[in-house]
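The values are calculated or read from the model by the stated rules, or taken from the named source; none is laboratory data. Keep in mind that this is a model prediction, so the values were computed, not measured. Every residue, glycine as well, gets a Cβ built from its backbone with ideal geometry; the counts of neighbours run over all protein chains shown. The accessibility values were calculated without ligands, DNA or RNA, using every heavy atom of the protein model including side chains. Shrake-Rupley method; radii C 1.70, N 1.55, O 1.52, S 1.80 Å.
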Amino acid sequence: MARLCVVTGAPGAGKTALAEELRTYPFAAVDFDELLEPDGSVLGIDIASPAASSAWPAYNRLWLRITALLLRGGGPVLVLCPLTPDEWADAGKGIAGLPDADWARLDCSDGDRRARLTARGWAADEIAEAVADAGELRGVVEREFSTTGRGVRDVGVAVGEWVRGPGE
């Protein structure tokens, strides 16, 4: 059975940059943000907006169905997303072909997160929510890959070794 690895992370951790770095690795690596058009929308819905929160469960489920399709190829699959393991389990109910996932967390210091999100133009309340989300993820996913003080290539090598597993 193909190996499924999930790297979760709150906004600003570096998931999108990591996904780009991992494109050259010998496994499928996808980021939940990849379906979003430049304006944050998918199928005409601004899914990135808090106003679309009622659509998030359907969006999560869509990604888990895509993940099950990717796993049919037999190789390792890495998914980068903002979900907790419980949210992942809820979205995956009834989807055939989803093995148990190995979990890790992409993280950075709260100061780095604030600076990154400020540079993106996020409002103070949105940044505070992202910092709180990061704190929640720290409490539920033990394995961490930190982006604080590390380049994306460095982090990519560490994540790549983890996905490929021992002896690969």
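The table below gives the values:
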{"read-out": "Test: residue in the stretch 109-132 that is closer than 16 Å to Val7 by Cα and outside any helix (DSSP H, G or I)", "value": "no"}
{"read-out": "Meets criteria (basic (Lys, Arg), within 15 Å of the chain's Cα centre (by Cα) and within 30 Å of Arg150 (Cβ to Cβ)) for Arg23", "value": "yes"}
{"read-out": "Residues located in the stretch 1-58, provided they are within 18 Å of Leu71 (Cα to Cα), open to solvent by 30 Å² or more (accessible area, probe 1.4 Å), at pLDDT 90 or above and assigned to a loop (DSSP other than H, G, I, E, B)", "value": "Arg3, Tyr25, Pro26"}
{"read-out": "Which numbered condition Ala96 misses (of (1) within 18 Å of Gly165 (Cβ to Cβ); (2) in a loop (DSSP other than H, G, I, E, B))", "value": "(1)"}
{"read-out": "Count of the stretch 61-74 residues which are more than 13 Å from Pro99 (Cα to Cα) and open to solvent by less than 30 Å² (accessible area, probe 1.4 Å)", "value": "1"}
{"read-out": "Residue that is nearest to the chain's Cα centre (by Cα), among those in the stretch 100-132 that are open to solvent by 60 Å² or more (accessible area, probe 1.4 Å) and among the acidic types (Asp, Glu)", "value": "Asp102"}
{"read-out": "Subset of the stretch 156-168 that is open to solvent by less than 60 Å² (accessible area, probe 1.4 Å) and assigned to a helix (DSSP H, G or I) - its residue that is nearest to Glu21 (Cα to Cα)", "value": "Gly156"}
{"read-out": "Output for the stretch 67-93, where each listed residue is outside any helix (DSSP H, G or I) and either under 19 Å from Glu20 (Cα atoms) or over 12 Å from the mean Cα position of the chain (by Cα) (or both)", "value": "Arg72, Gly73, Gly74, Gly75, Pro76, Val77, Leu78, Val79, Leu80, Cys81, Pro82, Lys93"}
{"read-out": "Number of positions in the stretch 116-155 that are over 22 Å from Leu22 (Cβ atoms) and charged (D, E, K, R)", "value": "6"}
